[in-house]
Structure formats: structure tokens, C-alpha cells
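Trainee: Questions regarding the structure given below will be posed in turn.
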Amino acid sequence: MHMPLEDTLGLNLLAANQHQADHNREHFDHWGLLCLNVMSSPGAGKTSLLERTLAALAPEFAMAVLEGDMTTQLDADRIEAIGVPVVPITTGRACHLDAAMVSGGLGLLRQRLNPADLDILWVENVGNLVCPAEFAVGEHRKVALLSVTEGDDKPLKYPVMFREADCVLITKTDLLPHLPVEVERIETHIRQVNPRATVIRVSATDGEGLPTWHTWVRQQRSLRRQDTLITPAIR
Ligand SMILES: Nc1nc2c(ncn2[C@@H]2O[C@H](COP(=O)(O)OP(=O)(O)OP(=O)(O)O)[C@@H](O)[C@H]2O)c(=O)[nH]1
Ligand SMILES: [Mg+2]
């Protein structure tokens, strides 16, 4: 079968990434930590959510963050400010983290702490609704955020991110009274592309839904501890 050269290159790239992601996952499993990959379009509220979540869960879990950003370390500074170990990964022109970058970030993290002492490793991906979904980094679970300001059609227009997600957070619900958007339509569209995902409405501003979200995180951590977390098939 003849395949265009660019398709072959693309498949090779993804296969090489998956190989590295599997390797990262072996490390995570060896260390006994849960790795969560947090993804969304730019500004949907990943760092704001992490700030609240890290502060809330710090008494229960030892955590660290790998912070993906194209050019700055601004998000890493925000996480550092709340006292959680963080390694910035600056991707340059790349619009997503890949497994090799995360492996490099892990190397830097290991200079600061022993990953075997961690319960949860968070990865904040580069703000982008398309590319991060294509590149596994070895995570156990994918979390996708969609803010209510983005429009209820986004799960249908950018399905890969939402199809891949284990948990979808509808963020910034405090803004709903000011917007011509029906949150039920957003949920319907998410379920249309991914009936199996857990969907939670949250606001990092007024705290709506955060207890439910934190319960989901605890459940994933507890499944990991029991070693019953099912490895998702390579998709
Ligand atoms: N009203 C409201 N604003 C929020 C909420 N969460 C975040 N924001 C605001 O949305 C903007 C972007 O938030 P960030 O947390 O930086 O978003 P992000 O997804 O980390 O952004 P990138 O990393 O650049 O992709 C900021 O001005 C936040 O204050 C929320 O729940 N409600
Ligand atoms: Mg951010």
C-alpha cells in the first residue's frame, strides 16, 4: 500500500512518542505515583484550577507539577508561589508537550526530590485544544478543561481532546449568568463525543464543583494505590 511521505512521517513520530510515553509510564508505575495530564485551550483555567486543587489536597498528598508553556515560566512561578515543587518545561515553537519533553522534566525533578515519595504528578500541558491530545506523555489519566466562554460547539468541533479525556471539567461556571450559553448543551455535546468521561462543572473563582473534582482525583489516586488502575489501551 502506498502512503504519502508526510503520513508516514506523522505515524513514525506518534509511534516514537508512544514508545517514550510507555517508558515514562514504567517509571511512574515503578515510583507508585499517579500522573494526570491537564489539557485545554489557552486560558480555560488550568493553572487557576491547579492553584486551588494543590492547596486543597496538599495536606493529603505529596505532589509536584511539570508546567508546559511555550515561552514563559509564568505558570511555574504561580505554582511555586503556593509551595509545590514545579519544573517548567518551555517548549519553544511546539504547541504541545511530548513524552520526551516530559522525560527531560522528570530528570530535572529528580534533582530536587525522589519521585517515589510523590503521590500525584500533575502535568499542565501547553494551552491548545488540538495537539496535546495526540501526544501521550505516559499519564494514567487525561483531564480536559472547557470554559463556558468558549461556546457549546467546541466538543463537536475539536472532538479528539474530549474523546481522549477521562474527566472533562466545564470551567468558569461563575460566568454563566452573564453569557448566552446553556451549560446543558455543552454537557450534551461532550457526552456525544465521549459517553464514558466524568463531566464536572467547576469554578476556580467561587469554588463550585471543586469538592466533586477533588473526590474524582482522590478516587484515581486510590485506584492507583490498589494497583487496579486499568492502563488505557494505546489510542
Ligand atoms: N471568572 C473566572 N475566571 C477564571 C476562572 N478560572 C480562571 N479564570 C481566569 O481565566 C484566565 C486564564 O486562567 P489560567 O488559569 O491562567 O488559564 P490557563 O488554562 O492556565 O492558561 P494557559 O496556561 O495560558 O493556557 C485568568 O484571567 C483567570 O483569572 C474561573 O473559574 N472563573
Ligand atoms: Mg496555565
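What follows is calculated from the coordinates using simple rules that are stated; it is not laboratory data. These figures come from a predicted structure and were not determined experimentally. All Cβ positions, even for glycine, are placed from backbone atoms using ideal geometry, and neighbour counts span all protein chains on display.
Trainee: Sorted from fewest to most neighbouring beta carbons within 10 Å, what does the list His23, His30 look like?
Mentor: Details: His23 13, His30 10.
So the ranking, lowest neighbour count to highest, is His30, His23.
Trainee: If you don't mind, another one. Non-local amide H neighbours of Cys35 (under 5 Å, H modeled in plane, Pro and chain starts lacking H): which ones?
Mentor: Leu121, His140, Arg141
Trainee: Ok, one more. Please give me the summed charge of the neighbours of Ser203: other residues whose Cβ is under 10 Å from its Cβ, Lys and Arg +1, Asp and Glu -1. Intermediate values should be presented prior to the final figure.
Mentor: Numbers: positive: Arg52, Lys172, Arg201; negative: Asp174, Asp206, Glu208.
Local charge sum for Ser203: 0.
Trainee: Going by how many other Cβ atoms sit within 10 Å of their own, how do Leu50, Leu145 line up, fewest first?
Mentor: Ascending Cβ contact count within 10 Å gives the list Leu50, Leu145.
Trainee: Whose amide H sits under 5 Å from the amide H of Val86, counting only residues 5 or more places off or on another chain, with H placed in the peptide plane?
Mentor: Amide H neighbours of Val86, under 5 Å, 5+ apart: Val65.
Trainee: Expressed in nm to one decimal, what extension gain is obtained for the pair Val181 and Asp153 from 0.36 nm per residue of sequence separation less their Cα-Cα distance?
Mentor: Length gained between Val181 and Asp153: 9.0 nm.
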